[in-house]
């Protein structure tokens, strides 16, 4: 037998002994499932880092079957567009502030914007995990599912003049996100509320379209607001939190094994995002202090009492929209006692 014939025979014999899967070409790997996660803040914020942690966990735990694309800083959708995009399925995950959920038909979420409702972080957490969870169930008919609450801490007030007394707000144009509560709040303080996309805030302050805003220390720093604001008041007058939302049809369509991976990644990313919120804001406030660009002011107890009295009418405004029962449920969950 010639050497060529012998090699051919050996190859044929080997092919008969090889398992079936080895006799066929390797299948082309399936394209990974893409999850788009859009948000409007910087990657360095608690929400931004939470989104990146979800991406990391989901991609690792799915073994490459899923790719998560995170779009920070309104690079995919702006504030006013993102909820509609989620409902249409153009994005699968969002983490909007609770102020933005009213268009989904659940007006009771307004209570989370109430001034001075939460005396500390635990009061917010208790309210979110009790009353807030009941509100999540009301989102389902809109095609959106609530997954978790992400924390970003207490709101501060900034402007180019010191905001100490209620009179200091008079005549100021204050940027707010779309929120009936924030609008009523600014009117009660004597300021003019102006709704503006978060991505436009820096240029709005720079150009003088608005004079000031409210926000957390981490957002204040990462949006470079120390370059365009001279004063920051440590008012802690409200609380900024987010609802992690998923398109319901997408969530329901996930295979059982991938949905389990998805839900576990959500749970662990939530724990991470909430754990770092306090430290991230404390670090940001420290950086703002050392920048020497911004004068920080801590209001006296008497000054904050004046703010509370001026803003209690906002609570009554909310009661007329969401109902007295919803307001009382929020009070009870937060342990809030209205001032007399």
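Just so it is clear, none of the values below were taken in a lab; they were calculated from the coordinates. Given the structure is predicted, the values throughout are model-derived calculations rather than measurements. Reconstructed Cβ throughout: ideal geometry from the backbone, glycine too, with neighbour counts over all protein chains shown.
Can you give the FRET efficiency for residue 71 and residue 302, using 1/(1 + (r/R0)^6), R0 = 35 Å, r = Cβ-Cβ distance, to the nearest 0.05? Calculated value: 0.20. By the beta-carbon count within 10 Å of each Cβ, the least crowded to most crowded order of 181, 261, fewest first, is 261, 181.
Going from the residue with the fewest nearby Cβ atoms within 10 Å to the one with the most, 234, 139, 300 rank 300, 234, 139. What's the angle, to the nearest 10 degrees (0 to 90), between helix 79-88's Cα axis and the longest principal axis of the chain? The answer is roughly 40 degrees.
Here the contact order of the chain, divided by its residue count and restricted to Cα pairs under 8 Å and six or more residues apart, works out to 24 percent. Helix 180-189 and the long axis of the chain differ in direction by around 30°, with both axes built from C-alpha atoms.
Axis angle, to the nearest 10 degrees, between helix 3-17 and the longest C-alpha principal axis of the chain: 50 degrees. Checking the a/c ratio against 1.5 first, then a/b against b/c, what shape does the Cα gyration tensor give for the stretch 33-82? Oblate is the answer for the stretch 33-82, as a/c is 1.5 or above yet b/c matches or exceeds a/b. Of all DSSP-defined beta bridges confined to the chain, some 50% are antiparallel rather than parallel. Each stretch of four or more DSSP H residues adds -39500 (n - 2.57); spread over every residue of the chain, this sum gives -14000 deg cm²/dmol at 222 nm. Here each label is just a point 7 Å from Cα along the line to Cβ, and for residue 202 and residue 133 those points are 3.9 nm apart. Which one, (1) 25.2, 89; (2) 19.0, 54; (3) 25.6, 108, gives Rg and Dmax of the Cα atoms in Å as derived from the coordinates shown? Checking each listed value against the structure points to (3). Note on residue 324/residue 263: beta-carbon distance plugged into 1/(1 + (r/R0)^6) with R0 of 35 Å gives a FRET efficiency of 0.45.
Working from label points 7 Å from Cα in the Cα-to-Cβ sense, the residue 120 to residue 56 distance is 3.0 nm.
Sorted fewest first by neighbouring Cβ atoms within 10 angstrom, 71, 131 come out as 71, 131.
Need one word for the stretch 270-340: rounded, prolate or oblate. Basis is the Cα gyration tensor (sqrt eigenvalues a ≥ b ≥ c); a/c below 1.5 gives rounded, then a/b vs b/c decides. Oblate.
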